[in-house]
Amino acid sequence: MNNLEYAKQQLNRFYLDIIESQRLNPSYPFIQSYSETLLNLISYLRENDKVMSNKLLSLWMDADIFKADIPGELHDDYKKRNKRYRENWLKQKKKIDTITSELFDYLNEIPDLQ
């Protein structure tokens, strides 16, 4: 299996999920799990990359920062059931989808290293 297929297999359950986004109170564990999966996938790709790409390093840093930010305000809003939780959740989902999209673009541009 090549890197693009592996990435799609790992991330499609999150990236293509529109049902969670349509809920009145989307799941905090969903976005937390998404961030962990994305960071683990990029870390895996970095380990198997023979030539360290600046783009891959940049994506890894973005995913790491995103994962570190998730337990903050979003988790507090989730626990307190604040009205702004859904709006904040949608902003976070957009950020992580952007990182995922950039990762797919990167993987489509490079020859597969298997």
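Please treat every number below as a calculation from the coordinates, not as lab data. On a predicted model such as this, the values are computed, not experimentally measured, just so you know. Because the Cβ atoms are built from the backbone with ideal geometry, glycine has one as well, and the counts that use them run over all protein chains shown.
Computed from phi, the 3J(HN,Hα) profile of the range 50-67 under the Karplus parametrisation 6.51, -1.76, 1.60 (θ = phi - 60°) reads 6, 10, 5, 8, 5, 5, 5, 4, 5, 5, 4, 5, 4, 5, 5, 5, 4, 4 Hz, with x in place of Gly and Pro. Centre-to-centre separation between the Cα atoms of the range 1-50 and those of the range 76-109: 11 Å. Amide H contacts for Ser27 (H built 1.01 Å from N in the peptide plane; partners 5 or more residues away or on another chain; cut-off under 5 Å): none found. If you take all other residues with their beta carbon under 14 Å from the beta carbon of Arg13, and give Lys and Arg +1 and Asp and Glu -1, the sum is -2. Using a cut-off of 29 Å between Cα atoms, the listed pairs Lys55/Lys80; Lys8/Lys95; Lys8/Lys93; Lys8/Lys55 include Lys55/Lys80 as exceeding that distance. Sorting the segments 54-60, 97-103 by their residues' average number of neighbouring beta-carbon atoms within 10 angstrom, most packed first, yields 97-103, 54-60. Given +1 at the Cβ of Lys and Arg, -1 at the Cβ of Asp and Glu and no other charges, the dipole of the chain around its Cα centre is 640 debye to the nearest 20. Modelled spin labels at Ser27 and Ala68, positioned 7 Å past Cα toward Cβ, are 2.8 nm from each other. What the phi angles of the range 23-28 give under the Karplus curve with 6.51, -1.76 and 1.60, with θ = phi - 60°, is a coupling list of 6, 5, 10, x, 6, 5 Hz, glycine and proline written as x. Would you mind computing, in nm to one decimal, how far apart the modelled labels at Lys8 and Glu36 are, each placed 7 Å from Cα along Cα→Cβ? So the two model labels end up 2.6 nm from each other. Per-residue ellipticity at 222 nm, computed for the chain from helices alone with -39500 (n - 2.57) per DSSP H run of at least four residues, works out to -24500 deg cm²/dmol.
Modelled spin labels at Glu47 and Ile110, positioned 7 Å past Cα toward Cβ, are 1.5 nm from each other.
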